[in-house]
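The values are calculated or read from the model by the stated rules, or taken from the named source; none is laboratory data. Given the structure is predicted, the values throughout are model-derived calculations rather than measurements. FYI the Cβ positions are ideal-geometry reconstructions off the backbone, even for glycines, and counts take in every protein chain you see.
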Amino acid sequence: MALGHGSKKSVSCDQEVPPASLNNGGRSTAPSTSNSRSHKSLLVVLILLLVLIIAAGATLAWYFLEYRVWTLEPRVEQQYTGYITILNKNFSTELSSHSSPVFKREAKGIQNTVKNIMKASCLSRYFNYTTVFAFGQGSLVAHFWIVLSVPRSHDGGVTVEKVTRTLEEGLRERSVTEDTSSIDGFLFHLPTLSVSETDPKVIALLKASFDCYRYKMVVPSRLVALRGPDTQRSFCLWHLQAAHGFQLELHMEWLLPECSDRLLVYNSLTPSDNHLITSVYGCSRHEHVVRVLSSGEWMTVIWKQGLYNYRDPFSLSAQAWAQQGCDFDIELKEVSGVQGALTTPFFPSYYPPNTNCTWRFSMPGAGLGLALDFEGYELSRASYNQVCTQGQWIIQNRRLCGTRGLQAYCERLILLSTTTTVIMTSEVSLTGPGLQIRYSAFNMTDPCPGRFLCSVNGLCVPVCDGIKDCPNGLDERNCVCVAQFICPEDSQCVDYYKVCDQHPDCPEATDEMNCTEGVQCTDMTYVCADGTCLKKPNPMCDSVTDCPDGSDEKQC
């Protein structure tokens, strides 16, 4: 027993066991049982630790991927506008009014269709709402907007392509043929589905004018008067539509002498800034009547009321026109003076946003240049990334921008051959009053016979006539002055009656210097009683003593 007791004291899991103890079967089971329990405890601890790690990971994943994204993270609103044709419906007058029961019924049905498709898709958590804001002809075209609320971290993943694909897939689930889908009594024509991203300002304008909405189908060959605005509202919107292949002309006439209303005209169904044709404000005293053209079959007009007025501040009418080309060949003759005029389409109306004019000129012989004369419009060299907002011109491989002005302007082309091409395009939707360009030929060795060529504006002007016709005044420099005062700075001629009149005419006001001092006597100076000569002409009896002896103010 003493040996066994001593052995029990001396054996541990880390010490070597003597051979005699291995044969003692009854006393060798205690360490094995202890090891087994330790292993089980360790396994339980590991399992609990693994469960805790998984739970912590799941909690973190839920927080970062779910709670933080969908609850705490700021949202970005994305707006889209779209349209689709409905083949089994036809446009009617009732559908042109937002307040009519027919409009409300059809709009609600289409809104439910779009909503159900979006809610059943991968975009369901982003979907906010949709609204039908207009119907158009052919057979029936529904125009709608969709608003999505997207977490900021997901903003880049939700695109117009994804929204379009979602709607297409939802419609094709109920397709009747390859091109049609029947849902809730609407037969949708799938190839006509179009979706585009828009900005919040567009949706805000559509909402603001929802209770004052006008739609008009404009037919060719006659002017159609449009219903005026509701002066009880702050905004009104007109949707104008022409037949396919036609474009619209809007006539705006101000009826009041003064107002603070604004009219904005857009070259599309949606009033987005990149489709703005023009904006007129305050009963436009400079343009009492304005005629504006679209490039296609749709035009949108927005009215923003200024101060309340019970009378309509303007009248609107519209007309549809067939598309008009602007491609001409012009042959000039070897004669002096203006030989003809070119105009932008529908002149004098504003030129359309899609204007693309090409004029090919043929000269009668070598040595002749081409002069293009403008009124209130001028050209200047465009910088590399400059956008031409009032017309882009390509002349002799140069890109020029047109701008409105108050003076005449002439673009002179020095030609190396007898032919040249001039191209004018409207680079952006913003347009302006129609352009008229007069063309003529000139002798390149003597472009302005008997006159002065002003390099600033290309005009031929009188030289040395005492009037600065060129903006830089070069036509009045280095002149020989006959019976006139010569400005020493630039040899400009000034009439003697303008000398010493307390108004400087010379660049450095030398005509107003030394007016009461003696100068060298000439045929043009005044001689005082003491023999002193004055630069000032006719100084007698002007209540100013100019002569040293005061003789100019005696005997008055």
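Scanning the stretch 70-100 for residues that are loosely packed, with under 13 Cβ neighbours inside 10 Å and either of a type in the set (Ser, Thr, Tyr) or under 18 Å from Phe144 (Cα atoms) (or both) gives Thr71, Glu77, Asn90, Thr93, Ser99. Does the stretch 248-262 include one or more residues that are out of contact with any Cys (no Cβ under 6 Å at 6 or more places or on another chain) and aromatic (Phe, Trp, Tyr)? Scanning the stretch 248-262 turns up no residue that is out of contact with any Cys (no Cβ under 6 Å at 6 or more places or on another chain) and aromatic (Phe, Trp, Tyr).
Working only within the stretch 327-364, note down all residues that are surrounded by fewer than 18 Cβ atoms within 10 Å (Cβ to Cβ), in a loop (DSSP other than H, G, I, E, B) and touching a Ser or Thr at 6+ places or on another chain (Cβ under 7 Å). The answer is Gly337, Val338, Gln339, Asn354. The combined condition, being surrounded by 19 or more Cβ atoms within 10 Å (Cβ to Cβ), touching a residue at least 24 places away in the same chain (Cβ under 8 Å), among the β-branched types (Val, Ile, Thr) and farther than 26 Å from His244 by Cβ, is not fulfilled by Val132. Apart from one condition, Ile467 fits all of (1) part of a loop (DSSP other than H, G, I, E, B); (2) surrounded by 15 or more Cβ atoms within 10 Å (Cβ to Cβ); (3) not assigned by TED's automatic domain parsing to the domain that holds Gly337; the exception is (2). Scanning the stretch 188-209 for residues that are surrounded by fewer than 17 Cβ atoms within 10 Å (Cβ to Cβ) and over 16 Å from Arg165 (Cα atoms) returns Asp199, Pro200, Lys201, Ala204, Lys207, Ala208. Among the conditions (1) part of a loop (DSSP other than H, G, I, E, B); (2) loosely packed, with under 12 Cβ neighbours inside 10 Å, the only one that Met540 does not satisfy is (2). For the stretch 517-535, check the following and say yes or no: at least one residue is surrounded by 18 or more Cβ atoms within 10 Å (Cβ to Cβ), more than 30 Å from Val338 (Cα to Cα) and modelled with pLDDT under 75. Looking for residues that are surrounded by 18 or more Cβ atoms within 10 Å (Cβ to Cβ), more than 30 Å from Val338 (Cα to Cα) and modelled with pLDDT under 75, one finds at least one in the stretch 517-535, hence yes. Against the test of being crowded, with 16+ Cβ neighbours inside 10 Å, assigned to a loop (DSSP other than H, G, I, E, B) and in the same structural domain as Thr419 (by TED's automatic domain parsing), the options Gly432, Gly458 yield a single qualifying residue, Gly432. Within the stretch 90-101, residues that are farther than 18 Å from Cys236 by Cβ have Cβ atoms under 8 Å from residues that are assigned to a loop (DSSP other than H, G, I, E, B) and at pLDDT 90 or above in these pairs: Glu94/Ser100, counting only partners at least 6 apart in sequence or on another chain.
For Thr389, state whether it is free of Cβ contacts under 8 Å to residues at least 60 places away in the same chain, of a type in the set (S, T, N, Q) and not in a loop (DSSP other than H, G, I, E, B). It is false that Thr389 is free of Cβ contacts under 8 Å to residues at least 60 places away in the same chain, of a type in the set (S, T, N, Q) and not in a loop (DSSP other than H, G, I, E, B).
Against the condition of a type outside the set (Ser, Thr, Tyr) and within 30 Å of Ser268 (Cβ to Cβ), how does Arg404 come out, does it pass?
Details: of a type outside the set (Ser, Thr, Tyr): yes; within 30 Å of Ser268 (Cβ to Cβ): yes.
So Arg404 fits the description; yes.
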